[in-house]
Amino acid sequence: MVFPMKTMIGGFAAGLLFALPAMSQDQDQVARGKYVATAADCVACHTAPGGKPFAGGLPFKTPMGTIYAPNITPDPATGIGNWTDAQFLRALHDGIGANGERLYPAFPYTAFAGISDEDALAVKAYLFSLPPSVQKNHENEMQFPYNIRFLMSFWNILNFKNSGSQSVAQQADLARGAYLADALGHCAECHSPRNLTMGVDSSKYLGGGAVDGWTAFNLSSSKGEGLGGWTTAELAQYLKTGNVAGKAQAAGPMAEVVENSTSHLSDDDLNALATFIKAVPEQAASGPDRFSFGGHPTDITGYRADAGQHASEGEQLFVAACATCHMLSGSGVKDGAYPSLFHNSVTGASNPDNLVMAVLHGVERRGSINDASMPAFEDEFDDRQVASLVNYVKDMFGNPQGKVDAAEVHRLRLNQLAPSPIDTLMKVGGGIAAAVVIIALAAFFWFRRRSTSASPQPL
Amino acid sequence: MAEYDADVIVVGSGVIGGLAAYTLAKAGKSVIILEAGPRVPRWKTVERFRNLYDISDYNAPYPDLDYAPRQGSNDYLQHTGPIRYGAGFLKLVGGTTWHWGGATWRLLPSDMKLKSSFGVGRDFPLSYEDLERFYIEAEKEIGVNGNSQMDESGANGKPFPPRSEPYPMEAQNFNYMNAKMKEMLDANGYWTIQEPNCRASRPYAERPTCVGNNNCMPICPIGSQYSGDRHVTRAEKLGAKLIPEAVVYKLDKGAGGKITAVHYMTPTGESHQLTAKIFVMAAHALETPKILLMSEVANSSDQVGRNLMDHLGFNLVMTSKDELWPGSGPVQQNAILNDRDGAHRSHFASLKHQVGNEAANLAATQYLLGQGVLQPELDDRIRSMSARWMNFNTNLEQLPDPVNRIKLSAKKDKLGLPKPDVYYSVTDYETRTRDKVINETYPTFQKIFGGEIIKIVSDWQPQDHQIGTCIMGDNAKDSVVDKDCRSWDHSNLFIMGTQTMPASAAVNPTLTGAALTLRATHGMASEV
Amino acid sequence: MATQKVGAEDRSAISRRAFLSVAMAASFLAGTQNLFAQQQTGSETPVSADDLHALSIAVIGKTADDRPLSDAFHKAFGEANPSFLLRASALSAQMKAAGLTTPAAFSASPLAKDPVLHATAIGLTAAWYLGHVAHDDHDDHGGGQVVAYEKALMWAPTADVTVIPSYSRGAPNYWAEQTAQIEAHSKAP
């Protein structure tokens, strides 16, 4: 038995050697593409819950309608299997689809414009190395006038600088971090506020935004709501593990970012990213640091002595449901698997939304250290109960400012979008009127830009 | 107005009713679920548990209502046989799987062919092979973790019984006690099997990963362990309508032997009637026959209510020589199944031994206080005894016996409905098996672990595993339903759950009840 | 009121593993049942909250130095089993007179040999350890009043390894990672 085996291994090794040079180059490019695609978290948007990776189908609810992420697997019919390099680059850099149609900026080409050609083509090589999934793209459900893709060119005039990274500092040691944050990670897409036309408001860069009912906190170096009180090492640890004891734990969409993207970055890249974010100038300083609030343990002696009958609803729910893992003191457990509720950036935020969202939808985060999994209470608590509980937790362990009521819980439960300025405009003026205003505004900017800028936009 | 109130009415909202309702709703049927008890959120039960005077009473945290009595201090069950049938059952949305150890065993092929293999008991009207793919489906629905490499027949052979897919989740690891026990038992030819169970060993279908709160009974505080309310909620999300606090008391017969309507009372005694094309009885092995007997339906065989079985339990409580530390992790993980299968079954019952993993602090403290131990000794003694506490619980297979039965008592409950009268007894088959275990096996266990016996409890302890009372068979003359769970007497009446099993085996019956239910509902869905 | 009557039917219904602990407790203070009836066992006035606190520390030790909890027990005894406060008063007076302030001193003293005083000490210890006050302190089965769950002293002796049932301890699988810890302390002399 030994002899044939040896021959087989020898033959295989020879074949491998012969093929190695050519394969290696391709494999390097695919490996690089995989890393870049991970840093850009392509999978997060291009995969439906429970669906095949990169096969698309995830809906994006916007005030203008619902957009569905397309299939970017190499299936020629339903995916991007027939795309040329040039088409791929044009989509990433200019927001223009294979047939010349304007893409909706739910696809963050405004950020991806900064991705180098080499990295972009590596991503293409990686995507093309994956098994093709046959899955037809879901038609977008955009309201008029937004279903006219051509209008996106006006939007681009308003919101698309296409000048590469929007980095605030251009020192060499920050360049890699800026590239990771802006071009690949597109952090600003969620962590910057949006302007009237739903573009990223670059004047409030990383000053805090919202996504899917979750608050994407202020990442600027503001004390208080921002990251001014964080060290670079803590920020890098957060991006790697989603968990910094005494500061913050990732949940919701950020848990997905950590799970799918940042936990896979090299330590050097994490450090560069953290260093860059730490250098982002302050946006609107406010109040005490979110992680600075201490806790007040529940008086369990008084509670048990009358079986909780005189406790508030919030306290009853806390003792019965939350204290099981977070402990009566709110301290969490020693190994940090269930985090402390005090010195916690979510309970310490003045905005209660993320606490409400965590209670309603739970937390699921698979990570390099251990998995985090908190059950969802949406089927167990009604809106009023969630509000009572969240307000109790904020009083006992976090920022007593910013209480929530049942109506706000209800809105978050249904993931109804908060009324946006454009929504109001639509309601007041009607769809056509709003469209006219947008087109007029766009035209105004268009002509102004043309008159002041002689050079065409850089690629 | 529609011709019927629903395509299907399911009576009972436990694991069986929930699964049936969910599967039918998923197949596009309109479904109404009727549940005698109320809906209670998990947190409330956790809260009630922690406020209990006696935390070892697993029924106590759950509602005990005059219109929907559970097992408890009420006078609901009327015991008329030589053995008090004190097995626990609950009445609320989700049923008795709110408090269970979560054991989800399959039967062995021989368990289903007891009569033809060993000449005792009865055969199922279908084979293990017929049920296998529904076991797979039930394991996925309920969310089971297990070790697919185990020989669950207890013979330390190849993986058995055969499975066409591995367990949906990987087995949870043993804690120190179970790992140590396995070492010591293996060395003596007793094989410690990892018990398949429905705790999530990874996030699974809205359930978080089990974190070892050691409270599977009476209430998993985090909802990692499956309970029947899960499928009720899922069925509701698919459009099924749940009516809680609806005490069903009558089924109407119509032309062609069809069931035409179901009647229920509200807690205040107000009566309502609903119609459907198909009726599913999933109201537990005690209530289902009670309702059928009150309605005088499905009973041409005179077998409704008969063949009540349970796993007759008895215990060895001892301390081990070395510290083993029960109490960390989930409450049960192991089983010793050496005597589960084999030729001996013609004469001795199939057996399952299990060493409980509940924290022993309460038992040790009560024991030591009873011995008059005070501080400063007490703390050290509690620690030492809790770390060494071993509770061997033995379950044995009870044969179907028509004399063991549910009848209607002359006594009435709050709503004026007859209380169940339970006659329960054992035969020599079970008694001789128990005596053999106590005289031969228990001393061996004691020797292996080198400890002191605290107590041998030989009184029969039913295990809350109600089986039988509406058994399935090949023949309308001696069984209540056919292999599709369809009443022999009424083509649109289905009876589902462990009450249809014509054999009890020695293992927890829920998964088999679930697999039979899924098999039946898939068949039914095409008929509505 | 966290009071609950556990009747005979309930006991038989208790699940298989649970019934054992209760079966153990049935003989909780076996042999003392008649003592209280036969002898003049209590003082005329119930023990004060201050004295019950001091007595609890003297009988149980520092772990009972929790004034709010002691006061909760005092209140619960007053409601569920007032005669216990008379017996506790007698024990308190005798221990004070003898200058006994620690469990070691009490157990070494002749007072601990007195069946009535010993039974009273057990009754007090049972309340603190089990977290409830029995209506009748020689029968734990008769129901009573709940005072504590998490703070019942029976959990503390094993707290480094096990959980207070229903509470979490650590990440999933913590139970499979305790071998080194358990073997280290179980081999210690």
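The values are calculated or read from the model by the stated rules, or taken from the named source; none is laboratory data. Every value quoted in this text rests on a predicted model; they were computed, and no experiment measured them. Quick reminder, even Gly has a Cβ in these numbers, built from the backbone with ideal geometry, and neighbours come from all protein chains shown.
Some observations on this one:
- Of the residues making up segment A:308-318, those that are buried (at least 18 other Cβ atoms within 10 Å of the Cβ) and either part of a loop (DSSP other than H, G, I, E, B) or not charged (D, E, K, R) (or both) are A:Gly308, A:Ala311, A:Gly314, A:Gln316, A:Leu317, A:Phe318.
- Test: residue in segment B:424-434 that is over 30 Å from B:Asp111 (Cβ atoms) and either small (Gly, Ala, Ser) or not in a loop (DSSP other than H, G, I, E, B) (or both): no
- Filter result for B:Thr441 (of a type in the set (S, T, N, Q) and under 25 Å from the mean Cα position of the chain (by Cα)): no
One line per residue, one yes/no per condition, for (1) in contact with a strand residue (DSSP E or B) (Cβ under 9 Å, 6 or more places away or on another chain); (2) more than 23 Å from A:Gly177 (Cβ to Cβ); (3) in a strand (DSSP E or B):
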site: A:Gly79; (1), (2), (3): yes, yes, no
site: A:Trp83; (1), (2), (3): no, yes, no
site: A:Ala98; (1), (2), (3): no, yes, no
site: A:Ala111; (1), (2), (3): yes, no, no
site: A:Ile115; (1), (2), (3): no, no, no
site: A:Ala122; (1), (2), (3): no, no, no
site: A:Pro131; (1), (2), (3): no, yes, no
site: A:Gln135; (1), (2), (3): yes, yes, no
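- Comparison of C:Ala97, C:Ala121 shows that the only residue that is over 15 Å from the mean Cα position of the chain (by Cα), small (Gly, Ala, Ser) and assigned to a helix (DSSP H, G or I) is C:Ala97.
- If the condition is being touching a residue at least 40 places away in the same chain (Cβ under 8 Å) and either surrounded by fewer than 24 Cβ atoms within 10 Å (Cβ to Cβ) or of a type in the set (Lys, Arg) (or both), then segment B:355-372 contributes no residue at all.
- Cβ pairs under 9 Å, 6+ apart, first in segment B:80-99 and at positive phi, second of a type in the set (Asp, Glu) and surrounded by 24 or more Cβ atoms within 10 Å (Cβ to Cβ): B:Gly94/B:Glu35; B:Gly94/B:Asp229; B:Gly95/B:Glu35; B:Gly95/B:Asp229
- Residues in segment A:258-268 that are surrounded by fewer than 21 Cβ atoms within 10 Å (Cβ to Cβ) and in a helix (DSSP H, G or I): A:Asn260, A:Ser263, A:His264, A:Asp267, A:Asp268.
- Residue that is surrounded by the fewest Cβ atoms within 10 Å (Cβ to Cβ) [pool: residues in segment A:35-77 that are among the β-branched types (Val, Ile, Thr) and outside any helix (DSSP H, G or I)]: A:Thr66
- Boolean, B:Leu107 is away from chain C (no Cβ under 14 Å) and part of a loop (DSSP other than H, G, I, E, B): yes
- For segment B:255-263, the criterion of being basic (Lys, Arg), surrounded by 20 or more Cβ atoms within 10 Å (Cβ to Cβ) and modelled with pLDDT of 95 or more is met by none of the residues.
- Some residue of segment B:180-189 being more than 14 Å from chain C (Cβ to nearest Cβ), touching a helix residue (DSSP H, G or I) at 6+ places or on another chain (Cβ under 6 Å) and closer than 18 Å to B:Gly95 by Cα: no
- Residues located in segment A:320-334, provided they are surrounded by 20 or more Cβ atoms within 10 Å (Cβ to Cβ) and either more than 10 Å from every other protein chain (Cβ to nearest Cβ) or touching a helix residue (DSSP H, G or I) at 6+ places or on another chain (Cβ under 6 Å) (or both): A:Ala320, A:Ala321, A:Gly330, A:Gly332
Residue-by-condition table, conditions (1) over 23 Å from B:Val426 (Cβ atoms); (2) within 14 Å of chain C (Cβ to nearest Cβ):
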position: B:Pro69; (1), (2): yes, yes
position: B:Gly81; (1), (2): no, yes
position: B:Gly119; (1), (2): no, no
position: B:Ser127; (1), (2): yes, no
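- Checklist (1) among the hydrophobic types (A, V, I, L, M, F, W, C); (2) under 21 Å from A:Thr324 (Cβ atoms); (3) surrounded by fewer than 20 Cβ atoms within 10 Å (Cβ to Cβ) applied to B:Phe49, failing item: (3)
- Within segment B:40-62, restricting attention to residues that are within 10 Å of chain C (Cβ to nearest Cβ) and of a type in the set (Phe, Trp, Tyr), the residue that is nearest to B:Ala360 (Cα to Cα) is B:Tyr58.
- Looking only at segment B:205-239, and only at residues there that are farther than 27 Å from B:Asn59 by Cα and in contact (Cβ under 8 Å) with a residue 40 or more places away in the chain, the one that is farthest from the other protein chains (Cβ to nearest Cβ): B:Gly239
- Residues satisfying the stated conditions in segment A:335-380, i.e. more than 14 Å from chain C (Cβ to nearest Cβ), among the hydroxyl-bearing types (Ser, Thr, Tyr) and crowded, with 21+ Cβ neighbours inside 10 Å: A:Ser345, A:Thr347
- Residue satisfying all of: in segment B:112-161; of a type in the set (A, V, I, L, M, F, W, C) and assigned to a loop (DSSP other than H, G, I, E, B); nearest to B:Tyr190 (Cα to Cα) among these: B:Ala155
- Residue within segment B:144-159 that is surrounded by 16 or more Cβ atoms within 10 Å (Cβ to Cβ), among the hydroxyl-bearing types (Ser, Thr, Tyr) and free of Cβ contacts under 8 Å to residues at least 60 places away in the same chain present: no
- The one condition in (1) more than 7 Å from chain B (Cβ to nearest Cβ); (2) among the β-branched types (Val, Ile, Thr); (3) over 19 Å from C:Ser56 (Cβ atoms) that C:Val133 fails to fulfil: (3)
- Residue that is surrounded by the fewest Cβ atoms within 10 Å (Cβ to Cβ) [pool: residues in segment B:319-336 that are touching a Phe, Trp or Tyr at 6+ places or on another chain (Cβ under 7 Å) and more than 10 Å from every other protein chain (Cβ to nearest Cβ)]: B:Lys321
- B:Ser201 of a type in the set (Ser, Thr, Tyr), within 13 Å of another protein chain (Cβ to nearest Cβ) and touching a Cys at 6+ places or on another chain (Cβ under 6 Å): no
- Residue count for segment B:386-403 under the criterion of being facing chain C (nearest Cβ under 10 Å) and closer than 14 Å to B:Pro509 by Cα: the result is 1.
- Restricting segment A:280-307 to residues that are within 14 Å of another protein chain (Cβ to nearest Cβ) and surrounded by fewer than 18 Cβ atoms within 10 Å (Cβ to Cβ), the residue that is nearest to A:Ser220 (Cα to Cα): A:Pro297
- Scan of segment C:140-159 for residues that are touching a residue at least 12 places away in the same chain (Cβ under 8 Å), in a loop (DSSP other than H, G, I, E, B) and within 7 Å of chain B (Cβ to nearest Cβ), ordered by number: C:Tyr149, C:Met154
- When restricted to residues that are touching a Gly at 6+ places or on another chain (Cβ under 8 Å) and part of a strand (DSSP E or B), segment A:363-395 contains 5.
- Residues that are touching a residue at least 40 places away in the same chain (Cβ under 8 Å) and of a type in the set (Asp, Glu) within segment B:31-56 comprise just one, B:Glu35.
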